[in-house]
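S.K.: The structure's right below; bear with me while I get my questions together.
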Amino acid sequence: MLDQGATFRHEFAVSEAVYQGFLGIFNDRNPLHTDSTFAQQKGFRSVVMHGNILNGFLSYFIGECLPTKDVVIHKQEIKFHRPVYLGDRVTLEATIDEVSEAMGVRAFKFKFYNQEREMVAMGRLQIGLLA
Amino acid sequence: MAFEEVLARVNGVFVDVLDNEDIVLKYETTSADVEEWDSLAHIELVLEIERQFQIKFTLQEIQVFKNVGQMCDAIVEKLA
């Protein structure tokens with residue numbers, strides 16, 4: 001189930017609804033995320049999606065994609081390697097690389113890839129299994 | 001590994017994980033004696049001790065420890 005080496009994959013769509021939802025809730029309207037002219041002047045193809053949208057996808061992964069709902073997140077860290085754009089499809093690949101039965105902990109390493117199979121982000125997360 | 005060496009290394013883990021250079025562990029030390037040692041810190045401490053000593057505890061073992069000293073005794077035994 002949640003054993004050492006177990007790997008999980010899930011694809012997410014960086015849709016207009018996701019983008020607008022993030023904007024509406026968190027109100028980060030920095031021009032990098034909202035002004036395509038500004039973004040292009042800074043060297044990006046178009047407006048860049050907020051990096052923390054990927055953290056939202058991780059929240060869904062932890063809460064909804066694992067074999068059990070008895071989970072709580074302890075910590076996560078993420079490094080953003082490439083920009084993500086509106087309309088991208090990102091695939092999360094996460095592997096359990098540490099198990100502590102004593103503490104009911106599972107630690108994952110993960111990567112997000114875009115539809116071109118370019119790695120856009122990577123990191124680690126740790127969850128606890130609730131009794 | 002001798003008890004004193006284990007205690008010193010465990011002390012190092014506490015200093016790093018809890019980010020407090022003033023921690024000095026004794027045999028009788030419990031979480032009540034260390035301000036930063038809450039439930040989440042406890043998880044991180046056990047994980048890091050498992051990594052440092054390349055050992056694994058069971059839940060039953062962890063639940064039995066009354067203080068740092070008893071945990072160190074168990075580590076000495078596992079390394080023997």
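Read the figures in this text as sums done on the coordinates, not as results from a lab. In this text the structure is predicted, and so the values were computed from the model without any measurement. Don't worry about glycine lacking a Cβ; one is built from the backbone with ideal geometry, like all the others, and counts go over all protein chains shown.
S.K.: For the range A:87-107, how many residues are part of a strand (DSSP E or B) and either more than 14 Å from every other protein chain (Cβ to nearest Cβ) or farther than 14 Å from B:LEU47 by Cα (or both)? Talk me through it step by step, then tell me what you get.
M.R.: First pass over the range A:87-107, keeping only residues part of a strand (DSSP E or B): A:89-100, A:105-107.
Within this subset, residues satisfying the condition of being either more than 14 Å from every other protein chain (Cβ to nearest Cβ) or farther than 14 Å from B:LEU47 by Cα (or both) are A:89-96.
The number of residues fulfilling the criteria is 8.
S.K.: Let me ask something else. For the range B:27-56, which positions are in a helix (DSSP H, G or I) and away from every other protein chain (no Cβ under 12 Å)? First the steps, then the outcome.
M.R.: To start, the set of residues in the range B:27-56 that are in a helix (DSSP H, G or I) comprises B:31-33, B:39-53.
Within the range B:27-56, B:SER31, B:ALA32, B:ASP33, B:GLN52, B:PHE53 meet the criteria.
S.K.: Answer with yes or no whether A:VAL84 is touching a residue at least 40 places away in the same chain (Cβ under 8 Å) and among the hydrophobic types (A, V, I, L, M, F, W, C).
M.R.: On the way: touching a residue at least 40 places away in the same chain (Cβ under 8 Å): yes; among the hydrophobic types (A, V, I, L, M, F, W, C): yes.
In short, yes.
S.K.: Identify the residue in the range B:57-69 that is more than 7 Å from every other protein chain (Cβ to nearest Cβ) and in a loop (DSSP other than H, G, I, E, B) and, among all such residues, is farthest from B:ASP33 (Cα to Cα).
M.R.: In this case the residue turns out to be B:PHE65.
S.K.: While we're on this one: Any idea which of A:PHE26, A:PHE61 is within 18 Å of the chain's Cα centre (by Cα), under 30 Å from B:ILE62 (Cβ atoms) and of a type outside the set (Asp, Glu)? If you could, list the steps in order and put the result at the bottom.
M.R.: Details: A:PHE26 fails: under 30 Å from B:ILE62 (Cβ atoms).
Step by step, each of A:PHE26, A:PHE61 is checked, and only A:PHE61 is within 18 Å of the chain's Cα centre (by Cα), under 30 Å from B:ILE62 (Cβ atoms) and of a type outside the set (Asp, Glu).
S.K.: All but one of (1) of a type in the set (Phe, Trp, Tyr); (2) farther than 26 Å from A:ALA131 by Cβ; (3) in contact (Cβ under 8 Å) with a residue 24 or more places away in the chain hold for A:PHE38; which doesn't?
M.R.: Failing condition for A:PHE38: (3).
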